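The values are calculated or read from the model by the stated rules, or taken from the named source; none is laboratory data. Note that this is a predicted model, so its numbers are computed, not measured. Positions of Cβ are generated from backbone atoms using ideal geometry, with glycine treated the same way; all protein chains shown enter the neighbour counts. Note: accessible area is taken over every heavy atom of the protein model, side chains too, but ligands, DNA and RNA are not part of it. Shrake-Rupley method; radii C 1.70, N 1.55, O 1.52, S 1.80 Å.
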Amino acid sequence: MVLDERKKLILEAIIKDYVETAEPVGSRSIVRKHQLGVSPATVRNEMADLEEMGFLEQPHTSAGRIPSQLGFRYYVDCMMEKEELAENEKELLHRVLSDRINDIFEVIRRTGVTLSQFTRYASFVISGPIKVAEIKSVQLVPMQKGTALVVLVTSSGVILHKLIDTPESIQAHDLEKISAFFTRGLAGVKLGELSRTSLKSLRDELLSQRKAIDRVLEAIDELLQASDEEKVLISGAINMLNEPEFRNPDKLKTVLGILEENSLFKKVLNDPGPQEVRIKIGRENEVEEIQELSLVFTSYEINGQEMGKIGLIGPVRMQYWRAAGLVESFRDVVEDVIRKLMM
(Lines give C-alpha, C1' and ligand atoms only; values in the text may rest on other atoms or scores of the structure.)
Protein backbone atom coordinates (compact mmCIF):
# COMPACT_ATOMS: atom_id res chain seq x y z
CA MET A 1 0.00 0.00 0.00
CA VAL A 2 1.44 3.38 -1.05
CA LEU A 3 0.46 6.68 0.57
CA ASP A 4 0.42 10.00 -1.27
CA GLU A 5 2.73 12.74 -0.05
CA ARG A 6 0.14 14.59 2.03
CA LYS A 7 -0.87 11.45 3.90
CA LYS A 8 2.82 10.68 4.51
CA LEU A 9 3.39 14.17 5.95
CA ILE A 10 0.37 13.85 8.24
CA LEU A 11 1.33 10.33 9.37
CA GLU A 12 4.88 11.47 10.13
CA ALA A 13 3.60 14.51 12.05
CA ILE A 14 1.33 12.32 14.18
CA ILE A 15 4.12 9.81 14.86
CA LYS A 16 6.63 12.50 15.86
CA ASP A 17 4.12 14.30 18.11
CA TYR A 18 2.83 11.11 19.72
CA VAL A 19 6.36 9.84 20.44
CA GLU A 20 7.14 13.17 22.08
CA THR A 21 3.97 13.65 24.14
CA ALA A 22 2.38 10.16 24.52
CA GLU A 23 -0.96 11.92 23.89
CA PRO A 24 -3.43 11.55 21.00
CA VAL A 25 -2.78 14.11 18.26
CA GLY A 26 -5.54 16.37 16.91
CA SER A 27 -5.90 18.04 13.51
CA ARG A 28 -5.59 21.61 14.86
CA SER A 29 -2.35 20.71 16.62
CA ILE A 30 -0.91 19.36 13.37
CA VAL A 31 -1.86 22.48 11.40
CA ARG A 32 -0.48 24.80 14.09
CA LYS A 33 2.78 22.95 14.68
CA HIS A 34 3.75 21.58 11.27
CA GLN A 35 2.56 24.27 8.85
CA LEU A 36 1.34 21.85 6.18
CA GLY A 37 -0.52 24.59 4.29
CA VAL A 38 -3.94 22.92 4.62
CA SER A 39 -6.96 23.49 6.85
CA PRO A 40 -7.82 21.47 9.97
CA ALA A 41 -10.83 20.06 8.09
CA THR A 42 -8.58 18.72 5.35
CA VAL A 43 -6.25 17.18 7.95
CA ARG A 44 -9.25 15.55 9.67
CA ASN A 45 -10.35 13.99 6.40
CA GLU A 46 -6.87 12.64 5.75
CA MET A 47 -6.67 11.30 9.31
CA ALA A 48 -10.00 9.54 8.81
CA ASP A 49 -8.62 7.92 5.66
CA LEU A 50 -5.44 6.84 7.46
CA GLU A 51 -7.55 5.35 10.26
CA GLU A 52 -9.65 3.44 7.76
CA MET A 53 -6.46 2.12 6.14
CA GLY A 54 -5.25 0.89 9.55
CA PHE A 55 -2.38 3.35 10.05
CA LEU A 56 -4.05 5.33 12.86
CA GLU A 57 -6.24 4.53 15.84
CA GLN A 58 -8.65 6.68 17.86
CA PRO A 59 -8.36 5.61 21.52
CA HIS A 60 -11.36 7.71 22.65
CA THR A 61 -14.38 9.23 20.95
CA SER A 62 -13.76 12.89 19.98
CA ALA A 63 -10.07 12.47 20.86
CA GLY A 64 -7.17 12.80 18.44
CA ARG A 65 -5.43 9.86 16.80
CA ILE A 66 -2.39 7.79 17.63
CA PRO A 67 -0.27 5.68 15.27
CA SER A 68 -1.14 1.99 15.09
CA GLN A 69 1.60 -0.61 14.96
CA LEU A 70 0.91 -0.84 11.22
CA GLY A 71 1.44 2.93 11.01
CA PHE A 72 4.78 2.66 12.80
CA ARG A 73 5.78 -0.23 10.52
CA TYR A 74 4.93 1.71 7.36
CA TYR A 75 6.91 4.69 8.64
CA VAL A 76 9.94 2.53 9.50
CA ASP A 77 9.92 0.66 6.18
CA CYS A 78 8.94 3.41 3.73
CA MET A 79 9.65 6.82 5.23
CA MET A 80 12.20 6.77 8.03
CA GLU A 81 15.67 8.30 7.77
CA LYS A 82 18.08 7.12 10.47
CA GLU A 83 19.75 9.79 12.62
CA GLU A 84 23.35 8.60 12.65
CA LEU A 85 26.10 9.98 14.84
CA ALA A 86 28.39 12.56 13.28
CA GLU A 87 32.03 11.57 12.74
CA ASN A 88 33.24 13.65 15.70
CA GLU A 89 30.61 11.95 17.89
CA LYS A 90 31.80 8.53 16.68
CA GLU A 91 35.39 9.49 17.55
CA LEU A 92 34.28 10.50 21.06
CA LEU A 93 32.37 7.21 21.42
CA HIS A 94 35.45 5.29 20.28
CA ARG A 95 37.47 6.90 23.07
CA VAL A 96 34.76 6.16 25.64
CA LEU A 97 34.68 2.46 24.70
CA SER A 98 38.44 1.96 24.45
CA ASP A 99 39.98 4.21 27.11
CA ARG A 100 41.97 2.08 29.60
CA ILE A 101 40.24 -1.12 28.43
CA ASN A 102 42.05 -4.30 27.39
CA ASP A 103 39.18 -6.76 27.90
CA ILE A 104 36.48 -7.53 25.32
CA PHE A 105 33.89 -8.19 28.03
CA GLU A 106 34.56 -4.77 29.53
CA VAL A 107 34.03 -3.21 26.08
CA ILE A 108 30.68 -5.00 25.91
CA ARG A 109 29.68 -3.88 29.41
CA ARG A 110 30.60 -0.26 28.74
CA THR A 111 28.82 -0.38 25.38
CA GLY A 112 25.52 -1.34 27.01
CA VAL A 113 25.81 1.33 29.70
CA THR A 114 26.76 4.05 27.21
CA LEU A 115 24.04 3.13 24.71
CA SER A 116 21.35 3.37 27.38
CA GLN A 117 22.76 6.75 28.45
CA PHE A 118 22.43 8.05 24.88
CA THR A 119 18.70 7.26 24.92
CA ARG A 120 15.79 6.99 27.33
CA TYR A 121 15.56 3.28 26.66
CA ALA A 122 17.06 0.12 28.09
CA SER A 123 19.89 -1.46 26.11
CA PHE A 124 21.06 -5.02 25.66
CA VAL A 125 24.33 -6.50 24.48
CA ILE A 126 24.68 -10.22 23.80
CA SER A 127 28.18 -11.66 23.62
CA GLY A 128 28.63 -15.03 21.98
CA PRO A 129 30.92 -17.83 23.15
CA ILE A 130 34.67 -17.30 22.96
CA LYS A 131 35.99 -18.89 19.79
CA VAL A 132 39.25 -20.88 19.83
CA ALA A 133 41.40 -18.48 21.83
CA GLU A 134 44.74 -19.38 23.37
CA ILE A 135 45.62 -18.79 26.99
CA LYS A 136 48.19 -16.03 27.35
CA SER A 137 48.67 -15.96 31.13
CA VAL A 138 47.16 -16.88 34.49
CA GLN A 139 47.47 -14.40 37.32
CA LEU A 140 46.48 -14.60 40.98
CA VAL A 141 45.84 -11.17 42.46
CA PRO A 142 45.75 -11.00 46.28
CA MET A 143 42.59 -9.35 47.59
CA GLN A 144 41.61 -9.22 51.27
CA LYS A 145 43.03 -11.87 53.58
CA GLY A 146 41.96 -15.37 52.55
CA THR A 147 40.84 -14.43 49.02
CA ALA A 148 42.46 -13.96 45.63
CA LEU A 149 41.29 -13.10 42.12
CA VAL A 150 42.09 -15.62 39.39
CA VAL A 151 42.61 -13.71 36.14
CA LEU A 152 42.77 -15.75 32.92
CA VAL A 153 44.06 -13.70 29.97
CA THR A 154 43.49 -15.03 26.43
CA SER A 155 45.29 -14.12 23.24
CA SER A 156 42.08 -12.70 21.76
CA GLY A 157 41.94 -9.96 24.39
CA VAL A 158 39.30 -11.61 26.57
CA ILE A 159 39.94 -11.52 30.31
CA LEU A 160 38.07 -14.01 32.49
CA HIS A 161 38.17 -13.61 36.24
CA LYS A 162 36.79 -15.26 39.37
CA LEU A 163 37.23 -14.63 43.09
CA ILE A 164 38.40 -17.66 45.11
CA ASP A 165 39.08 -18.48 48.75
CA THR A 166 42.69 -19.27 49.66
CA PRO A 167 44.27 -20.64 52.83
CA GLU A 168 44.95 -17.74 55.19
CA SER A 169 48.56 -18.85 55.51
CA ILE A 170 49.28 -18.20 51.82
CA GLN A 171 51.37 -15.11 51.09
CA ALA A 172 51.60 -12.76 48.09
CA HIS A 173 54.86 -14.34 46.97
CA ASP A 174 53.15 -17.76 47.02
CA LEU A 175 50.48 -16.43 44.68
CA GLU A 176 53.16 -15.03 42.35
CA LYS A 177 54.85 -18.44 42.28
CA ILE A 178 51.58 -20.21 41.48
CA SER A 179 50.78 -17.61 38.78
CA ALA A 180 54.12 -18.14 37.08
CA PHE A 181 53.69 -21.91 37.30
CA PHE A 182 50.27 -21.88 35.64
CA THR A 183 51.36 -19.41 32.98
CA ARG A 184 54.31 -21.65 32.04
CA GLY A 185 52.08 -24.71 31.93
CA LEU A 186 49.14 -23.20 30.04
CA ALA A 187 50.54 -20.41 27.82
CA GLY A 188 49.72 -21.10 24.18
CA VAL A 189 47.14 -23.77 24.97
CA LYS A 190 43.87 -23.39 23.05
CA LEU A 191 40.77 -23.28 25.23
CA GLY A 192 39.19 -26.08 23.24
CA GLU A 193 42.19 -28.33 23.88
CA LEU A 194 42.30 -27.75 27.63
CA SER A 195 40.78 -30.58 29.65
CA ARG A 196 40.13 -30.90 33.37
CA THR A 197 42.48 -33.91 33.41
CA SER A 198 45.37 -31.86 32.05
CA LEU A 199 44.65 -29.14 34.62
CA LYS A 200 44.75 -31.65 37.47
CA SER A 201 48.08 -33.01 36.29
CA LEU A 202 49.62 -29.62 37.07
CA ARG A 203 48.54 -29.84 40.70
CA ASP A 204 50.92 -32.65 41.56
CA GLU A 205 53.92 -30.46 40.75
CA LEU A 206 53.12 -28.03 43.57
CA LEU A 207 52.14 -30.32 46.44
CA SER A 208 52.95 -27.77 49.13
CA GLN A 209 50.22 -25.44 47.85
CA ARG A 210 47.70 -28.15 46.94
CA LYS A 211 44.70 -26.37 48.53
CA ALA A 212 45.35 -23.14 46.66
CA ILE A 213 46.06 -25.05 43.45
CA ASP A 214 42.76 -26.92 43.75
CA ARG A 215 40.86 -23.65 44.10
CA VAL A 216 42.63 -22.19 41.06
CA LEU A 217 41.91 -25.33 39.04
CA GLU A 218 38.22 -25.16 39.93
CA ALA A 219 38.10 -21.47 39.02
CA ILE A 220 39.77 -22.04 35.64
CA ASP A 221 37.43 -24.92 34.89
CA GLU A 222 34.36 -22.78 35.71
CA LEU A 223 35.68 -19.84 33.70
CA LEU A 224 36.25 -22.02 30.64
CA GLN A 225 32.77 -23.51 30.91
CA ALA A 226 31.28 -20.01 31.21
CA SER A 227 33.24 -18.87 28.14
CA ASP A 228 31.21 -21.31 26.02
CA GLU A 229 27.92 -19.61 26.93
CA GLU A 230 26.16 -16.56 25.52
CA LYS A 231 25.97 -13.66 27.94
CA VAL A 232 23.17 -11.08 27.98
CA LEU A 233 23.81 -7.70 29.58
CA ILE A 234 20.81 -5.40 30.18
CA SER A 235 21.56 -1.76 31.03
CA GLY A 236 19.36 1.22 31.83
CA ALA A 237 16.21 -0.74 32.73
CA ILE A 238 15.36 2.05 35.17
CA ASN A 239 14.79 4.29 32.13
CA MET A 240 11.42 2.59 31.78
CA LEU A 241 10.26 4.68 34.75
CA ASN A 242 10.23 7.68 32.41
CA GLU A 243 7.77 6.09 30.00
CA PRO A 244 4.04 6.85 30.61
CA GLU A 245 3.15 3.35 29.39
CA PHE A 246 4.93 1.80 32.38
CA ARG A 247 4.08 4.17 35.23
CA ASN A 248 1.59 1.69 36.60
CA PRO A 249 3.65 -0.14 39.30
CA ASP A 250 2.32 -3.58 38.39
CA LYS A 251 2.99 -3.06 34.70
CA LEU A 252 6.48 -1.71 35.39
CA LYS A 253 7.23 -4.68 37.63
CA THR A 254 6.20 -7.04 34.83
CA VAL A 255 8.39 -5.23 32.29
CA LEU A 256 11.42 -5.17 34.60
CA GLY A 257 10.95 -8.88 35.24
CA ILE A 258 10.92 -9.49 31.48
CA LEU A 259 14.17 -7.57 31.08
CA GLU A 260 15.80 -9.88 33.62
CA GLU A 261 14.71 -12.99 31.71
CA ASN A 262 17.69 -13.49 29.39
CA SER A 263 16.24 -16.55 27.69
CA LEU A 264 13.41 -14.45 26.23
CA PHE A 265 15.85 -12.26 24.34
CA LYS A 266 17.87 -15.21 23.11
CA LYS A 267 14.64 -16.73 21.78
CA VAL A 268 13.55 -13.53 20.03
CA LEU A 269 16.98 -12.73 18.60
CA ASN A 270 18.22 -16.20 17.64
CA ASP A 271 17.47 -15.75 13.94
CA PRO A 272 20.79 -15.43 12.05
CA GLY A 273 19.52 -12.61 9.82
CA PRO A 274 21.65 -10.00 8.04
CA GLN A 275 23.83 -7.54 9.90
CA GLU A 276 21.60 -4.59 9.04
CA VAL A 277 19.60 -2.95 11.82
CA ARG A 278 16.36 -4.82 12.48
CA ILE A 279 13.25 -3.46 14.18
CA LYS A 280 10.57 -5.59 15.84
CA ILE A 281 7.52 -3.54 16.78
CA GLY A 282 5.21 -4.72 19.56
CA ARG A 283 3.20 -7.72 18.40
CA GLU A 284 5.82 -8.56 15.76
CA ASN A 285 7.80 -10.10 18.63
CA GLU A 286 7.03 -13.82 18.70
CA VAL A 287 7.28 -14.01 22.49
CA GLU A 288 4.01 -12.89 24.05
CA GLU A 289 5.66 -11.44 27.17
CA ILE A 290 7.41 -8.70 25.21
CA GLN A 291 4.65 -7.72 22.77
CA GLU A 292 4.22 -4.35 24.52
CA LEU A 293 7.85 -3.55 23.75
CA SER A 294 9.83 -2.83 20.61
CA LEU A 295 13.39 -3.99 19.86
CA VAL A 296 15.93 -2.24 17.63
CA PHE A 297 19.06 -4.34 17.17
CA THR A 298 21.84 -5.60 14.95
CA SER A 299 24.66 -8.12 15.13
CA TYR A 300 28.32 -7.18 15.46
CA GLU A 301 30.92 -9.21 13.59
CA ILE A 302 34.69 -9.71 13.50
CA ASN A 303 36.28 -11.16 10.35
CA GLY A 304 32.88 -12.24 9.06
CA GLN A 305 32.01 -14.14 12.25
CA GLU A 306 29.09 -12.99 14.39
CA MET A 307 30.27 -12.12 17.90
CA GLY A 308 26.92 -11.12 19.36
CA LYS A 309 24.11 -8.57 19.17
CA ILE A 310 23.55 -5.03 20.36
CA GLY A 311 20.26 -3.19 20.64
CA LEU A 312 17.67 -1.09 22.43
CA ILE A 313 14.40 -1.98 24.17
CA GLY A 314 11.59 0.52 24.50
CA PRO A 315 7.84 1.04 24.24
CA VAL A 316 6.05 0.77 20.90
CA ARG A 317 6.00 4.59 21.04
CA MET A 318 9.71 4.72 20.26
CA GLN A 319 12.06 7.10 18.43
CA TYR A 320 12.89 4.46 15.83
CA TRP A 321 14.81 6.90 13.63
CA ARG A 322 17.20 7.81 16.45
CA ALA A 323 17.37 4.30 17.93
CA ALA A 324 18.26 2.72 14.57
CA GLY A 325 20.96 5.30 13.88
CA LEU A 326 22.52 4.90 17.33
CA VAL A 327 22.53 1.10 17.20
CA GLU A 328 24.21 1.19 13.78
CA SER A 329 26.84 3.71 14.90
CA PHE A 330 27.57 1.81 18.13
CA ARG A 331 27.95 -1.43 16.16
CA ASP A 332 30.56 0.12 13.86
CA VAL A 333 32.58 1.51 16.78
CA VAL A 334 32.33 -1.71 18.84
CA GLU A 335 33.57 -3.81 15.91
CA ASP A 336 36.54 -1.49 15.44
CA VAL A 337 37.46 -1.45 19.15
CA ILE A 338 37.24 -5.26 19.50
CA ARG A 339 39.16 -5.82 16.25
CA LYS A 340 42.03 -3.70 17.56
CA LEU A 341 42.00 -5.55 20.91
CA MET A 342 42.36 -8.88 19.09
CA MET A 343 45.33 -7.77 16.96
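For the reader, a short list of remarks on this structure follows.
- Of all residues in region 141-160 being assigned to a strand (DSSP E or B) and under 20 Å from Gly188 (Cβ atoms), the one that is modelled with the lowest pLDDT: Ile159
- Applying the criterion of being open to solvent by less than 60 Å² (accessible area, probe 1.4 Å) and free of Cβ contacts under 8 Å to residues at least 40 places away in the same chain to the residues of region 1-26, the residue that is farthest from Gln69 (Cα to Cα) is Gly26.
- Look at (1) touching a Leu at 6+ places or on another chain (Cβ under 9 Å); (2) under 26 Å from Leu293 (Cβ atoms); (3) crowded, with 17+ Cβ neighbours inside 10 Å and you find that Arg73 fails only one, number (1).
- Of all the listed residues (Ser39, Ser98, Ser29), the sole one being more than 19 Å from Ile313 (Cα to Cα), small (Gly, Ala, Ser), open to solvent by 30 Å² or more (accessible area, probe 1.4 Å) and in contact (Cβ under 8 Å) with a residue 60 or more places away in the chain is Ser98.
- Conditions (1) open to solvent by 60 Å² or more (accessible area, probe 1.4 Å); (2) under 26 Å from Gln117 (Cβ atoms); number of the one not met by Val107: (1)
- Residue among Lys82, Lys90 that is touching a residue at least 60 places away in the same chain (Cβ under 8 Å), open to solvent by 30 Å² or more (accessible area, probe 1.4 Å) and part of a helix (DSSP H, G or I): Lys90
- Some residue of region 328-335 being open to solvent by less than 30 Å² (accessible area, probe 1.4 Å), of a type in the set (Phe, Trp, Tyr), at pLDDT 90 or above and out of contact with any strand residue (DSSP E or B) (no Cβ under 9 Å at 6 or more places or on another chain): no
- Selection status of Ala180, modelled with pLDDT of 65 or more and not in a helix (DSSP H, G or I): no
- Contact map, region 146-166: residues that are crowded, with 17+ Cβ neighbours inside 10 Å and among the polar types (S, T, N, Q) paired with residues that are outside any strand (DSSP E or B) and modelled with pLDDT of 80 or more, Cβ distance under 8 Å, separation 6+ or inter-chain. Pairs shown: Thr166/Gly146; Thr166/Leu175.
- Residue match in region 88-109 (condition: charged (D, E, K, R), under 17 Å from the mean Cα position of the chain (by Cα), within 17 Å of Thr298 (Cα to Cα) and modelled with pLDDT under 90): yes
- Among the residues of region 46-59, those identified as surrounded by 14 or more Cβ atoms within 10 Å (Cβ to Cβ) and not aromatic (Phe, Trp, Tyr) are Glu46, Met47, Ala48, Asp49, Leu50, Glu51, Met53, Leu56, Glu57, Gln58.
- Identity of the residue in region 117-140, at pLDDT 85 or above and among the hydroxyl-bearing types (Ser, Thr, Tyr), that ends up most open to solvent (accessible area, probe 1.4 Å): Thr119
- Among the residues of region 307-327, the one identified as open to solvent by 20 Å² or more (accessible area, probe 1.4 Å) and within 17 Å of Glu106 (Cα to Cα) is Met307.
- Met143 meets each of the listed conditions (1) under 30 Å from Asn242 (Cβ atoms); (2) open to solvent by 20 Å² or more (accessible area, probe 1.4 Å) apart from (1).
- Positions within region 257-306 being in a helix (DSSP H, G or I), at pLDDT below 80, open to solvent by 60 Å² or more (accessible area, probe 1.4 Å) and touching a helix residue (DSSP H, G or I) at 6+ places or on another chain (Cβ under 8 Å), in sequence order: Glu289
- Selection status of Leu233, modelled with pLDDT under 75 and surrounded by 16 or more Cβ atoms within 10 Å (Cβ to Cβ): no
- Qualifying residue in region 218-228 (condition: at pLDDT 70 or above and over 21 Å from Gln139 (Cα atoms)): no
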